[in-house]
1. What residue, among those in the stretch 49-63 that are at pLDDT 80 or above and within 27 Å of the chain's Cα centre (by Cα), is most open to solvent (accessible area, probe 1.4 Å)?
2. Out of the residues in the stretch 212-253 meeting the condition of being open to solvent by 40 Å² or more (accessible area, probe 1.4 Å) and within 24 Å of the chain's Cα centre (by Cα), tell me which one is nearest to R265 (Cα to Cα).
3. Go through (1) part of a helix (DSSP H, G or I); (2) closer than 18 Å to M201 by Cα one by one and return the number of the condition C79 breaks.
4. So the check is Cβ under 8 Å with 6+ separation or different chains; which pairs have a first residue in the stretch 252-264 that's more than 12 Å from C217 (Cβ to Cβ) and modelled with pLDDT of 75 or more and a second one that's basic (K, R) and in a loop (DSSP other than H, G, I, E, B)?
5. From V143, V84, grab the single residue that is surrounded by fewer than 16 Cβ atoms within 10 Å (Cβ to Cβ) and in contact with a Leu (Cβ under 8 Å, 6 or more places away or on another chain).
6. For S30, all conditions in the list (1) at pLDDT 85 or above; (2) among the hydroxyl-bearing types (S, T, Y); (3) open to solvent by less than 70 Å² (accessible area, probe 1.4 Å) hold save one; what is the number of the exception?
Amino acid sequence: GSGPRINGWIQSDVMPTAQSKQILQVRLFSGTEWLRVAITALLSLFVQRLWQRLLQKRQQIADVRNWVDSVDLENVQACLLTTVNLKTCGRIEKRTVMTSRLSKIFTNSYIRDMVLQAAAKTTEEDPFVCRHLPMEDRWNVLVASLNHLSSLFGPYHLFSNQISSYESSWYVFTLVGARTRGAGRFFVTPQHPLKKDVGAMRVRLVLISEREIRQICSGDISTEDGETFSERHSARWNLMRRFAELFEKQLLRVTTQPRGTFDVRSVSWGNNLCGTVKASPKTSLVQDEPMQHDPDINNFLRIHVPVPLLRETTVMGMEDVVLYE
């Protein structure tokens, strides 16, 4: 070989200068690239943190504005309205049944936005959300609400399926979007009224006993002198009266009897215990107004609640509403 021998081995020639420069350039390039990656990562992290802070600040501003304006569109309140104290003191009692996140009841963002848009169109004179929804979407919106309401009474249904010590109670419910602005809020006594006496703007699930709704339709429940405890209770009463009008109109569509010849307090929904807007095929009743163009149709559903009793009854299974036995 051409190279010198060291201990019997041939020593290699010195590495060419061009190859040495190439290796050095690769090392320099690698170091520069790592520095560029590190700087880019730091900048990305900084921009991400800055964006998160901006979003948090924006959310804080929105939360403050919503608190000041009494707006809560992220939660749904289910409440019971009752006339139990209407005759004695002019009060329409309201009892909260549950509260839940709007996104939990309506998991589909498209439907959730549709409900919020419909709620924004409601007024105190026209507070029903479903009136502003497409007819083909009302059923699914109401059923989604029904599922959450019915789950509150799940143990009652299991109980009534095994033991006959219960009473069938029927309620009607709907979605309401308008806030009440009537005065009447105070701390314990009227001597301490709220400075900002306005209801919260939120989507509500309003439940009313079907027995009471029927009695409002018949005139058995009314305000004799037209006065209520406060403007706030007057707004609740107007809501119940408007609900009763929708109830009677839908009930009229399924009965086989012409208007004015049946007792709204006891007429049945028929075999479809949850109600339907279609009359029985056996009836000769002619529907003059097209159902799909009537905004007063399909605005509510019925819900059955088997209330446990201390005494045993003779009937097991779901019963329709029983009035004036």
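The values are calculated or read from the model by the stated rules, or taken from the named source; none is laboratory data. Treat the numbers as computed from the prediction; the structure is a model and nothing was measured. Glycine also receives a Cβ, built like all others from the backbone with ideal geometry; neighbour counts cover every protein chain displayed. With ligands, DNA and RNA removed, areas are computed over all heavy atoms of the protein, side chains included. Shrake-Rupley method; radii C 1.70, N 1.55, O 1.52, S 1.80 Å.
1. Once the filter is applied, the top-ranked residue is R58.
2. E245
3. The one condition C79 does not meet is (1).
4. The qualifying pairs are R253/K278; V254/K278.
5. Result of the check over V143, V84: V143.
6. (1)
A quick yes/no check of all residues on (1) farther than 22 Å from E245 by Cβ; (2) at pLDDT 90 or above; (3) of a type outside the set (A, V, I, L, M, F, W, C):
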| position | (1), (2), (3) |
| --- | --- |
| R131 | no, yes, yes |
| D137 | yes, yes, yes |
| L142 | no, yes, no |
| V176 | no, yes, no |
| T180 | no, no, yes |
| F187 | yes, no, no |
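Here is a yes/no grid of residues against (1) at negative phi; (2) touching a strand residue (DSSP E or B) at 6+ places or on another chain (Cβ under 9 Å); (3) of a type in the set (G, A, S):
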{"site": "M98", "(1), (2), (3)": "yes, yes, no"}
{"site": "F106", "(1), (2), (3)": "yes, yes, no"}
{"site": "V115", "(1), (2), (3)": "yes, yes, no"}
{"site": "H132", "(1), (2), (3)": "yes, no, no"}
{"site": "M135", "(1), (2), (3)": "yes, no, no"}
{"site": "L142", "(1), (2), (3)": "yes, yes, no"}
{"site": "S145", "(1), (2), (3)": "yes, yes, yes"}
